[in-house]
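Undergrad: This structure is in structure tokens; I'll ask about it shortly.
The values are calculated or read from the model by the stated rules, or taken from the named source; none is laboratory data. Because the structure is a prediction, the values reported are computed rather than measured. Here the Cβ positions follow ideal geometry from the backbone for every residue, glycine too, while neighbour counts run over all protein chains shown.
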Amino acid sequence: MRKLVLGLISVLLFTAGCKGKYSEHVLDLDVFEEIELSPLTSDVKIVPIKCSIPMDGIRQAREYDDYTIMLGSRRETIYILKEDSVVAILNSVGRGHGEYSSIDDFAYDEESKVIYVNADRKLLKYDVPSMTFIGSSDINYSICGMIVLNKDEILVNCSYNSEDTKPFKGICVISSVTGEILRRCLEFDYYEGFCSCMEDMIECGDDIFLSTGGLYINRILQMDSKTKNINELESFSFSPKWRVPKKLLKKARKNDMFGFSEEADDRTVYCDGCHYPAIINSKITYWCYPYFDIISKRSNIVNIKVGEKTISRKFFIPGMKQPICPYYYKDNHFVVVIYRSVESLVTDKDELSDFGKEICSKMNAQPFNNPVLLSFTVDKDL
């Protein structure tokens, strides 16, 4: 559902400036290899999360060198994990000092052991793992993604519109102390329009990989976190079938949201861009989610650039409808969070593979139906 919302937002952001050209490199999402996910086809790990209380699902997750940090589905609770166990919890919903109504995003500084939380137009700071409130700064812009560069700077995907400044949507560096915008790194064009939220971004050493997606061209970019220089690694357009439908654009352009939803329910087939870009084993790798309808039917396709050729793959587990769709990336592995019940995921017990049975066994053993992590690689047999 999170990806669905992002897809709808991307469409709305396409409503102006549609004067671009399609890239000569066309990605056809109808052509892909369907591969069974198993220890034979991928380096797989199943990790049940140990927690003494019921967890509120998982909306976002990121793994750092010392902790894995997860935001619950209701956007009220942050879970701090050491290896496979929850060791600290932040839940400060309220109106008092250091409290918030709901969390929009978070970023963690491994050096200072501070987690920055974006909520209610504030940048809140807490010590990890005590979760003691340290302080906050008021901000006058919206954030839909953030990542710590160093103890003084945070990279954010932000937008602001005030009487004093020209409207801006793009990537900025802000002060971790005051929240002040220190530098604009990249401004999005209208037809480029939409940048995948920074939870989709990959940090590897001094490099940060991000993607932008538009009506015409999707781009994968590489940013040096020290110099803030950005280079384009890859650009492509989707084949005509998967481009955002013009009828939807017309509805959105007129702010006809009822007509937009009605048209989307009737015949939406499109792809909202690319996600989780990275360079894995010297190969550009990214995910696409082509939608077959507005609710839930989609393929989760990983694309791997090998020379001049792009190999597209869809992983599946026989007998299960668990989507192989990453929540985060760490050390050449993508990680899926499974937090629904076995009954809701198993489609055919007779078709269930041995690997699927192992997943179900670990899920059934989880108290309170708490999540299980599924870690895997995507290019083992290339």
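Undergrad: Within the stretch 126-141, track down each residue that is free of Cβ contacts under 8 Å to residues at least 24 places away in the same chain and not in a loop (DSSP other than H, G, I, E, B).
TA: Initially, the stretch 126-141 is screened for residues free of Cβ contacts under 8 Å to residues at least 24 places away in the same chain, giving 127, 132, 134-135, 140.
Within the stretch 126-141, Asp127, Ile134, Gly135 meet the criteria.
Undergrad: Which one is nearest to Phe376 (Cα to Cα), of the residues in the stretch 1-50 that are modelled with pLDDT of 50 or more and of a type in the set (Phe, Trp, Tyr)?
TA: Within the stretch 1-50, the first condition is being modelled with pLDDT of 50 or more, and the residues that meet it are 20-50.
From what is left, the residues that are of a type in the set (Phe, Trp, Tyr) are 22, 32.
Values: Tyr22: 33, Phe32: 19 Å.
Applying the filter and picking the extreme gives Phe32.
Undergrad: Filtering the stretch 120-152 down to residues that are at positive phi and modelled with pLDDT under 95, which residue is surrounded by the most Cβ atoms within 10 Å (Cβ to Cβ)?
TA: Checked the stretch 120-152; the qualifying residue surrounded by the most Cβ atoms within 10 Å (Cβ to Cβ) is Gly145.
Undergrad: Sticking with this structure for a sec: Got at least one residue in the stretch 69-78 being more than 25 Å from Cys360 (Cα to Cα) and assigned to a strand (DSSP E or B)?
TA: For the stretch 69-78, residues more than 25 Å from Cys360 (Cα to Cα) and assigned to a strand (DSSP E or B): present.
Undergrad: Also, I was wondering about something else. For the list (1) closer than 25 Å to Tyr329 by Cβ; (2) under 19 Å from the mean Cα position of the chain (by Cα), I need the number of the one condition that Asp66 fails.
TA: (2)
Undergrad: Where in the stretch 269-382 are there strands (runs of 3 or more DSSP E), lying wholly inside it, with at least 2 residues that are of a type in the set (Gly, Ala, Ser)?
TA: Details: elements: 270-280, 283-291, 301-306, 309-316, 328-330, 333-338, 372-376.
The qualifying strands (runs of 3 or more DSSP E) are 270-280.
Undergrad: Also, quick follow-up: For Gln322, which of the numbered conditions (1) of a type outside the set (Ser, Thr, Tyr); (2) out of contact with any helix residue (DSSP H, G or I) (no Cβ under 9 Å at 6 or more places or on another chain); (3) at negative phi fails to hold?
TA: Among (1) of a type outside the set (Ser, Thr, Tyr); (2) out of contact with any helix residue (DSSP H, G or I) (no Cβ under 9 Å at 6 or more places or on another chain); (3) at negative phi, Gln322 violates only (2).
Undergrad: While we're looking at this one, here's another question. Restricting attention to the stretch 95-119, which residues are buried (at least 16 other Cβ atoms within 10 Å of the Cβ) and more than 20 Å from Leu81 (Cβ to Cβ)?
TA: Answer for the stretch 95-119, where residues must be buried (at least 16 other Cβ atoms within 10 Å of the Cβ) and more than 20 Å from Leu81 (Cβ to Cβ): Gly98, Tyr100, Asp104, Asn118, Ala119.
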